Structure formats: structure tokens, C-alpha cells
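Notes follow once the structure below has been shown.
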Amino acid sequence: MSQNLFAFMRGHVVEALHALVPQLTFEHLARVEVTPTRDPAHGDMATNAAMVAAKPSGHSPRVLAQLLAERLAANPLLDSAEPAGPGFVNLRLSPGTLLDQIPVILRAGESYGDSTVGAGARVNVEYVSANPTGPMHIGHCRGAVVGDALAGVMTKAGYAVTTEYYVNDAGGQVQALSWAAYWRYMQAIESPITVEQFEGATPTGLQYRGDYLVPVGQALADQYGTTLATAELGIADPVLWFDRVRELALSMMMTEIRADLALLGVSQAVFSSERALLDRGAVARAIEMLDAKGLIYEGVLEPPKGKTPEDWEPRPQTLFRATEFGDDVDRPLRKSDGSNTYFANDIAYHADKIARGAEVLIDVWGADHGGYVSRMKAVVKALSDGRVPLEVVLCQIVHVMRGGQPVRMSKRAGTFVTLRDLLDEVGRDAVRFIMLMRKSDAQMEFDLDQAVAQTRENPVFYVQYAHARCRSVLRAALANWGAARVAPEALADADLSALDDPQELALIRRLISWPRLVEGAALAREPHRIAFFLYDLAGDFHMLWNKGRDDSTLRFLQAEDEGGTNARLALVAATATVIRSGLFVLGVIPAEEMR
């Protein structure tokens, strides 16, 4: 039997519907859905098949639903099939069908829920891509977790996923970083220059003041001594020092960013350099490609809507015809000084990803980039002739709280809470799981007190506690009866007929929804669904555990009831398997025991 019982039952529904209405086309049948019922009292599944086929059948939806229900009621997988509402058919699985899924889970192990819905499509997921100008902060953290979990669930759903980080190592921010690192070098060599004097000599002021650049300055002093300064230890001509300072600062910042990501459990397969693209002439080639399609022209844009900026002036610009691909306005590719716009460089980067064979591009961005989405979707459509879609997942801001008050400062960074601060405080697993307890486009509060609490309000504790309880039951069974009885392959052959309590069956119903959940989360690009599912699954297991305290016949280990114990051990092992499967997708390490 298929792991995805909903997809399996959909096949039976389509077969029954086609028998009733043989003239249905493929397009009609493709619209048939089998989904969970909103209220478990109405059954396990519901189908819209009768409403889809009503018009071509010549029947009203309710009449066709009645006919379909009568045909499906004879299916041995079902206990009942009943018409409902305007033309739905509610389906209730037989207890035997539910129980048959336990061996499926146990034999599949953590691969339970693996799917082929992605059909091997090559997907590039780019996330984090923080400017290499300082430590990763809490905002980067959310994008890192969302992107990594999205890559995980899409891989499980059968996509061929490449994870990527775009290193923005060109432009004004890198220039500002280089000057800030040079200031720390001045301090390291004990220059008499004051911060006010130094700031007055920089092109854009001293933008990065955090202590994290102190080691960079010291490394420059160790490597170059005083040779990057004047004889009086003053500011030398940037021609002498700029490239060297920039290279070392970028290298040390990226080393630190990679280390932060590793602590979070994130390891991207590809790191792409903006500067390398520029050096290869990729921007010019990408613009030439668009020009060859007739999509580049010289023109004058209308003034911005609303209040016109004081420095705005109508001038001829090199423009991309973004409006032909759904954008609001055509977009400039050159600044007034003749240099590339950020958009032009991003065109080259996305052209590069397409050239490397990506069939779907997914970018995970901060919500402050929301206004950038339409132009990037337009240009990717133009570059690929509509073959490659660009999807953008936006991540809203995260507020870190303690004792009901916001936590705003990091001593090391100077102005923000760093990722490492957060990891040191609550740990990797709590950060990853809690970051997924809200949809990415909703603002969230990360409560430091809640993240370490051992209560139901701490979702990672609640889920890990469920897994640890499962493992404690299986360890006790192993100690009492040995591996031959407790091994998954042995439990897969157990007689499961003793599992007849409503709470046991409710837990099984939750377990069998896992394969469908994986596919849905991957197709919707919503990894938070995995966290929600695991929290609900943990709740079902804890409820059964607590019920066993009051009803001794439901306790997992009963020496006098070997058959019932084997059945319940199989259920416990299946529950642990699905929890592990979900946690692995999220990059969270399952807890064997709670300390």
C-alpha cells in the first residue's frame, strides 16, 4: 500500500467516479481531491469528486455524491462513505486500514513520508546571503532556518535541491567595511589618529563600529606591521592598503559567518561571489542577452508616485522592459555615475543560476526586500523565456524578548542581537524549531524564557519530550525482553488488533497524515507546517500517555499481556519514527532522553 494514504484513496475515488461518469476528461479528474475532514466526527477524509463531475454527469452534485458514496461504501478499506453538504463525500477508514499503516511506517523508518512529487526537478534555494560586514544577527537567523528547512522538506518530497549563499562582496558596504577594518588596524598599531579625524577622512563615515572588527585590525597588524600606514602611523593612501584590507576583512567575516551557520546546523553547498561575477563580465553578458531579446532601451522614467524626492531629475537611463513581464515600471540598470545598479548585478547572478541548470529558483529574503520581488520575477521570466520561475519567500522581523521586555543590544556587535548570542542562550534545536512556529511572513517574538522552559508552551521541549518518552518505553522493553522482540522488523509483524482505543486510533490517524503533510509543505513552500504537525503529534502522544495513567489497560508495557504490549510497542516505535523523520527535515536532533 502507498505511504500516502490520501493519494492512495484518491486513486480509488477517481476509479469509482470514472465508472459512474465514463465521459470525464483528464482535466476533470485532475481536479479531484481527497483531503482531511475539518471535523474528525465526520470521518477521516473528504472528496470533492461529485462537485467536480456534476456538470458533465448531468446530475446535481448531491445526487452524484449519493451515487459515489454508495459505490465507495463497498470498498474494503473504508468503514463508511457518506454524502455531505453541497456534494462532498466523507470517508471513514476501517480500523484495519489504519492498523495496516503501522508496519508501513516501521519498515520504512525515517524515510517514511519520502515522496516523488518533486519528480527530481532541480531547485536552487538561496538563503541567508547576509552582507559579509559583520556577525549574523537574529534577522539572518530566521531566513537561515526557513531556507534550510524548506530545502529539507523539498528534498524529502523528491526535488533535487541545491542550497546556496550569495556573497555580496562588492559595492559600497564592502568599501565601508574596509575602512572600518582599517580603523581597527590603526588602533592595533597605536596610531595617534583620533576617531573623529579618521571618520572625517573616510568617504562615507565609520559605519561599522562593533568590537567584532578588533581581531581583523589585529590580524592586519600581525601580517603587515605598520607598512599600511604612513611613517607617522597616519592614514596612508588607500591605493597602498585598500585591497589588502578588503581581502582579509572579507575572508575573516565569511569565516565567522560560516562558523555561525555551522553552529546553527546550516551548511550550504554553494557560495557564489558577486565580485567574481563582475570580474567575469557576467553583468555585461546578461544585459547583452536581454538586449538581444529587445528588452533594453534608453528612456526617461516618470517621477516616482507620491512625493517626489528632492534629488530626483528626469534623465535618460538604460532601462529593462520589466512592465512586459508584470512589473509596475521599467527598471534602470545604470546609476547616474555610470556604475551598475544593484538590480543589474542581481540579473547577472540569477542568469548564472539558470545557466547552471536550475529549473526552479527560490530566494529567501527579509521582508524589507518585498518591493524588489516583482522586478526580479520579471527579469527571471525574461532571461529564461518563462521556463524558470522565481519564487520568493519573505521572512518578517523577529523581536527577542526576556521577561516581557525586548532584548536589543549585543556588547560584541554594538547594535543588535547576534545569532551566536541566541545560540549560546538557548541552543541550536530550540532556535531552529521555534523559528518555524510562525509562518515566515508573520512577525514573531522569540521569548528567551519560553525557549528554555520545560512546559507545553515551549514547542521544542514538548516535541522532544514526546520522542524521549517513546525512546524510554522502547529502552525499558529492550531491557525486559531483548532485541528480538523490540526490533522494528519484529514489531512490524505484531498483531495490532489490541489497538482499539479512540485515543490510539487518533494517534494513528495523525501518523498516517505525515506523507501528505510533507508533500503539501513542499508544494506550498511552507516548512512551518512540519513544526505545527510535530507539535500536534506530540500532543496526541502525550494525551495517550496520560490516559494510560488513569486506565491501566492502555499502559504500553504489561508483562501479563504480551500481545497488547507488542501492539502498543509498535505504535510507540512508529510514533518515534515519524517524530524523528520530521525533526530531521527541520535539522533538529531528536532527544533520546530529557535532562
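The values are calculated or read from the model by the stated rules, or taken from the named source; none is laboratory data. If you're wondering where the values come from, they're calculated on a predicted model, not measured in any experiment. Cβ coordinates were reconstructed from backbone atoms using ideal geometry, including for glycine residues, and neighbour counts include every protein chain displayed. All accessible areas refer to the heavy atoms of the entire protein, side chains included, with ligands and DNA or RNA removed. Shrake-Rupley method; radii C 1.70, N 1.55, O 1.52, S 1.80 Å.
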Matching residues in segment 176-196 (in contact (Cβ under 8 Å) with a residue 40 or more places away in the chain, farther than 13 Å from Tyr208 by Cβ and among the hydroxyl-bearing types (Ser, Thr, Tyr)) number 2
Looking only at segment 256-279, and only at residues there that are closer than 13 Å to His140 by Cβ and either without any contact (Cβ under 8 Å) to a residue 60 or more places away in the chain or over 16 Å from the mean Cα position of the chain (by Cα) (or both), the one that is most open to solvent (accessible area, probe 1.4 Å): Arg258
Across (1) more than 21 Å from Val518 (Cβ to Cβ); (2) within 35 Å of the chain's Cα centre (by Cα), Ala46 clears everything bar (1)
Report the residue count in segment 583-592 for those that are open to solvent by 10 Å² or more (accessible area, probe 1.4 Å) and under 15 Å from Leu264 (Cβ atoms). 2
State which residue is least open to solvent (accessible area, probe 1.4 Å) when the search covers only segment 122-140 and only residues that are at pLDDT below 95 and not in a loop (DSSP other than H, G, I, E, B). Ile138
Glu82 passes all but one of (1) open to solvent by less than 60 Å² (accessible area, probe 1.4 Å); (2) touching a helix residue (DSSP H, G or I) at 6+ places or on another chain (Cβ under 6 Å); which number fails? (1)
Of the residues that make up segment 491-499, is at least one in contact (Cβ under 8 Å) with a residue 12 or more places away in the chain, out of contact with any His (no Cβ under 6 Å at 6 or more places or on another chain) and in a helix (DSSP H, G or I)? yes
Quick check on this structure: which one of Glu199, Glu164 is open to solvent by 10 Å² or more (accessible area, probe 1.4 Å) and acidic (Asp, Glu)? Glu199
Pick out the one residue from Asp327, Asp311, Asp346, Asp337 that is at pLDDT 95 or above, outside any helix (DSSP H, G or I) and not small (Gly, Ala, Ser). Asp327
Among (1) in contact with a Ser or Thr (Cβ under 9 Å, 6 or more places away or on another chain); (2) open to solvent by less than 60 Å² (accessible area, probe 1.4 Å); (3) within 24 Å of Ser513 (Cα to Cα), where does Leu29 come up short? (1)
Here are some residues: Arg580, Arg549, Arg555, Arg595. Which one is basic (Lys, Arg), within 27 Å of the chain's Cα centre (by Cα) and surrounded by fewer than 21 Cβ atoms within 10 Å (Cβ to Cβ)? Arg580
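The rows are residues; the columns are (1) out of contact with any Phe, Trp or Tyr (no Cβ under 8 Å at 6 or more places or on another chain); (2) farther than 25 Å from Tyr462 by Cβ; (3) open to solvent by 10 Å² or more (accessible area, probe 1.4 Å).
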| residue | (1), (2), (3) |
| --- | --- |
| Gly371 | yes, yes, yes |
| Lys377 | no, yes, yes |
| Ala382 | no, yes, no |
| Leu394 | no, yes, yes |
| Gln443 | yes, no, yes |
Is it the case that segment 436-443 has a residue that's of a type in the set (Lys, Arg), in contact (Cβ under 8 Å) with a residue 40 or more places away in the chain and in a loop (DSSP other than H, G, I, E, B)? yes
If you take the residues of segment 293-308 that are at pLDDT 85 or above and within 17 Å of Ser374 (Cβ to Cβ), which of them is most open to solvent (accessible area, probe 1.4 Å)? Leu301
For segment 14-41, give me each residue that is touching a residue at least 40 places away in the same chain (Cβ under 8 Å) and more than 33 Å from the chain's Cα centre (by Cα). Ala16, Leu17, Ala19, Leu20, Val21
May I ask you to list the residues in segment 178-196 that are open to solvent by 50 Å² or more (accessible area, probe 1.4 Å) and either charged (D, E, K, R) or under 15 Å from Met253 (Cβ atoms) (or both)? Glu190, Glu196
The one condition in (1) at pLDDT 95 or above; (2) assigned to a loop (DSSP other than H, G, I, E, B); (3) aliphatic (A, V, I, L, M); (4) open to solvent by 10 Å² or more (accessible area, probe 1.4 Å) that Met1 fails to fulfil: (1)
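Each row is one residue, and each column tells you yes or no for (1) among the charged types (D, E, K, R); (2) closer than 13 Å to Leu499 by Cβ.
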residue	(1), (2)
Tyr535	no, no
Asp550	yes, no
Val572	no, yes
Thr575	no, yes
Val578	no, no
Residue list for segment 525-546, restricted to those being more than 15 Å from the chain's Cα centre (by Cα), of a type in the set (A, V, I, L, M, F, W, C) and open to solvent by 10 Å² or more (accessible area, probe 1.4 Å): Met543, Trp545
What number of residues within segment 54-65 satisfy the criterion of being out of contact with any Gly (no Cβ under 9 Å at 6 or more places or on another chain) and under 21 Å from Leu77 (Cβ atoms)? 0
Boolean, Thr37 is more than 30 Å from Tyr165 (Cα to Cα) and surrounded by 15 or more Cβ atoms within 10 Å (Cβ to Cβ): yes
Could you check, for segment 336-359, whether at least one of its residues is among the polar types (S, T, N, Q) and free of Cβ contacts under 8 Å to residues at least 12 places away in the same chain? yes
I'm told Leu64 meets every condition in (1) in a helix (DSSP H, G or I); (2) surrounded by fewer than 19 Cβ atoms within 10 Å (Cβ to Cβ) except one. Can you identify the failing condition by its number? (2)
Selection from segment 203-226 of residues that are outside any loop (DSSP other than H, G, I, E, B) and open to solvent by less than 20 Å² (accessible area, probe 1.4 Å): Tyr212, Leu213, Val216, Gly217, Leu220, Ala221
Could you tell me whether any residue of segment 72-95 is more than 30 Å from Glu489 (Cβ to Cβ), of a type outside the set (Gly, Ala, Ser) and part of a helix (DSSP H, G or I)? yes
